[in-house]
1. Would you please name the residue that is farthest from the chain's Cα centre (by Cα), looking only at residues in region 205-230 that are farther than 19 Å from L139 by Cα and at pLDDT 95 or above?
2. If we keep just the residues of region 389-447 that are polar (S, T, N, Q) and either farther than 16 Å from P461 by Cβ or not in a loop (DSSP other than H, G, I, E, B) (or both), which is modelled with the lowest pLDDT?
3. Listed residues S313, S335; which is of a type in the set (S, T, N, Q) and either outside any strand (DSSP E or B) or in the same structural domain as L172 (by TED's automatic domain parsing) (or both)?
4. Give me a count of the residues in region 338-373 that are more than 32 Å from the chain's Cα centre (by Cα), part of a strand (DSSP E or B) and aromatic (F, W, Y).
5. Out of everything in region 399-439 that is out of contact with any strand residue (DSSP E or B) (no Cβ under 6 Å at 6 or more places or on another chain) and among the basic types (K, R), what residue ends up being nearest to A386 (Cα to Cα)?
6. Can I432 be described as in contact with an Asp or Glu (Cβ under 6 Å, 6 or more places away or on another chain) and under 29 Å from E268 (Cβ atoms)?
7. Any idea which residue in region 27-44 is nearest to Q92 (Cα to Cα), counting only those that are part of a strand (DSSP E or B) and not β-branched (V, I, T)?
8. Do we have any residue at all in region 450-465 that's modelled with pLDDT of 90 or more, touching a Cys at 6+ places or on another chain (Cβ under 8 Å), over 17 Å from L100 (Cβ atoms) and surrounded by fewer than 20 Cβ atoms within 10 Å (Cβ to Cβ)?
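The values are calculated or read from the model by the stated rules, or taken from the named source; none is laboratory data. Since the structure is predicted, the reported quantities are computational estimates derived from the model, not experimental observations. Note: ideal-geometry Cβ built from the backbone for every residue, glycine included; neighbour counts use all protein chains shown.
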Amino acid sequence: MPFKQSLDPENRVLYGESLRPPVGYKFDAAVATTFSFDFETALTVPVSLALFAAENRDEILLQPLALLEGAERIAGRLVIFTDADHLLGQGQAQSRLCSLLEKMIVEVGAPRKGAFHPKIWALRFSPLSDEDPARIRLLVMSRNLTRDRSWDISLRLDGVIGSRSRSANRPLVEFIKHLPDLATSNISESAREVTLQIAESLRYIDWEVPYPFESVAFAVNGLGGKLWRPAPCAKLGVISPFCDDAALSMLSELPSAAKPVFIGRSDELAVISTEVLNRFESIAVLDEMATSEDGEEVPAVAFQGLHAKAFISEVGWKTTITIGSGNATRPALLSGANVELFATLVGKRSNVGSIGEILGADGFGRLTRPFVAGEIPPVDAETCAAELYLREARRSLCRGSLRLRCEQIETDQTSDPRWRAWLEPIKMLPLIGVGALSVWPITRGEDHSRDILDAVRQGNPVDLGTMPLIDLTRFLGCRMSDLGEKASELFSIGLVIDGLPAERHAAILRSFIASPDAFFRYLRLLLSDVADPFGAAVAARDTAGHGKWGSSADDAPLLEEMVRAFCRGGERLQSIEGLVRRLESEDGSGVNPIPEDFQILWESFRAALKKEGPGDGD
């Protein structure tokens with residue numbers, strides 16, 4: 001499909017569907033990168049990878065058992081690298097299931113003190129049939145792992161893992177291999193191993209380049225080596241929400257036969273000099289009518305507007321389109337301060353289209369209007385200075401300057417066990433320009449916040465309060481404002497945590513599987529086949545009638561499903577065994593959601609599983 005059609009508002013790619021395995025395959029492992037990160041959005045990703053595709057994020061979040069099983073199924077097989085400074089925050093308590101993401105998330109920093117900015121997914125799928133080869137899918141996007149509803153561009157590439165190394169993939173391979181070295185704190189050996197395995201698989205991919213393009217190439221900025229930037233061309237078109245004078249000057253001075261075309265954002269273009277803007281053939285911005293669908297109610301917390309990035313060049317008879325994370329800014333294209341990844345597609349202009357066709361009134365241009373100088377007032381200088389202070393303070397807090405420590409405290413034997421969490425500065429932080437700073441565990445919300453500004457400046461530990469085991473987390477919500485109250489920030493921090501008990505994971509699981517009804521619904525999810533996403537979606541629904549062996553006349557009794565799973569090798573039954581053992585473990589609550597008749601039956605399956613040994617899987 002021509003690229004100009006992929007920019008058409010009538011042709012949308014569903015994010016969740018892009019993560020789903022191809023027919024005949026199941027999810028094996030993945031590495032993702034993102035600049036900003038939202039915990040609850042990330043919680044829904046394992047559901048799409050391992051259970052069923054769904055685009056309604058909020059609907060998935062109302063199905064905690066699906067979230068739990070999704071996280072369980074991909075544990076140790078997904079690594080998400082995110083800029084350490086840009087974990088998003090919220091004042092309300094977040095789901096305790098967010099703690100299950102702790103080992104999946106690796107906070108990283110750009111080596112040249114810029115932003116870690118790439119947005120990609122590299123997914124490996126294993127075949128359900130031994131006769132088929134393993135496959136890789138690469139998503140190159142401008143979209144972060146957030147609730148972002150902006151206009152974005154994405155590239156999806158699929159390929160089979162072959163036996164011959166492909167030199168065109170080298171920049172991509174080296175980028176993935178380098179990710180663990182960018183971690184701002186500890187990275188687990190399992191996360192490192194998964195990352196290196198995915199990198200090695202990418203080395204041998206011969207991509208199925210989508211029509212009408214003929215080739216694809218990759219480039220990475222910010223990790224050393226020659227920087228990518230648009231090459232001399234007959235004509236250049238740029239889509240970039242963020243821009244600055246330096247980068248726009250460079251783009252306008254590229255050897256070309258015509259002035260370039262630029263599409264950006266009003267607030268960014270408002271601070272660009274008139275002299276630089278006059279070097280472009282046209283300057284446009286996204287029309288406000290294009291930021292939401294007719295009649296659609298957009299949540300206040302969702303981002304809107306333009307977020308797509310593309311550099312489109314006409315060279316000879318070819319059209320080249322480069323997409324990825326880089327904006328038309330100095331850190332992205334000139335200094336190499338930002339870590340950015342680009343994918344360049346090349347095809348005949350007669351098939352791909354010219355810049356006029358792609359960005360004109362029949363293409364992406366139908367979403368735009370001319371930029372009008374002066375329509376956005378300049379930002380107050382004092383506010384800019386305050387925001388800069390907060391940005392530097394946020395970086396100091398997020399880059400390994402703090403740790404967490406937790407310890408169990410003695411309580412009455414009749415009470416649930418309680419734990420105390422301590423925030424411990426590794427060094428004194430001046431936090432210049434900051435007037436207020438408070439933090440709280442994301443599982444407890446801002447009502448449980450503690451003022452930490454003076455303690456952090458003096459290097460003293462802070463008591464974050466007592467809490468149940470299931471609320472312990474290495475993620476803290478933060479609210480910070482400057483001395484003059486000109487600016488404020490709400491964000492999260494991921495820290496190293498010492499003293500975290502191994503049984504916390506089981507405690508979280510028990511908190512969500514606290515009744516026979518929840519237990520049987522979760523069993524159905526465990527038994528759902530990777531090739532039957534519809535069955536998994538039905539099993540995840542929070543409906544009445546699951547607390548028995550057969551939930552309805554249309555459902556196969558659980559006993560029959562368990563017998564079938566045993567005949568297929570018993571992999572799903574091993575998962576049930578792990579569930580039962582964790583629910584049986586003593587946590588002081590005295591609550592056992594497993595019905596007695598199931599426990600009696602399960603002893604027979606336990607004996608059979610021990611006799612047969614590990615199965616081949618289902």
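1. Step one: list which residues in region 205-230 are farther than 19 Å from L139 by Cα, which gives 222-230.
If we keep only those that are at pLDDT 95 or above too, we end up with 222-223, 227-230.
On the way: G222: 21, L223: 21, L227: 26, W228: 25, R229: 26, P230: 28 Å.
So the residue we want is P230.
2. If we filter region 389-447 for residues that are polar (S, T, N, Q), which is where we start, we get 396, 401, 408, 411, 413-415, 438, 443.
In the following step, the residues that additionally are either farther than 16 Å from P461 by Cβ or not in a loop (DSSP other than H, G, I, E, B) (or both) were identified as 396, 408, 411, 413-415, 438, 443.
Numbers: S396: 93, Q408: 93, T411: 70, Q413: 60, T414: 55, S415: 63, S438: 98, T443: 97.
Residue satisfying both the conditions and the ranking: T414.
3. On the way: S313 fails: either outside any strand (DSSP E or B) or in the same structural domain as L172 (by TED's automatic domain parsing) (or both).
Of S313, S335, the one residue that is of a type in the set (S, T, N, Q) and either outside any strand (DSSP E or B) or in the same structural domain as L172 (by TED's automatic domain parsing) (or both) is S335.
4. 0
5. The selected residue is R399.
6. Working: in contact with an Asp or Glu (Cβ under 6 Å, 6 or more places away or on another chain): no; under 29 Å from E268 (Cβ atoms): yes.
In short, no.
7. F37
8. Keep residues of region 450-465 that are modelled with pLDDT of 90 or more, which gives 450-465.
Next cut, touching a Cys at 6+ places or on another chain (Cβ under 8 Å) only: none.
No; the residues of region 450-465 include none that is modelled with pLDDT of 90 or more, touching a Cys at 6+ places or on another chain (Cβ under 8 Å), over 17 Å from L100 (Cβ atoms) and surrounded by fewer than 20 Cβ atoms within 10 Å (Cβ to Cβ).
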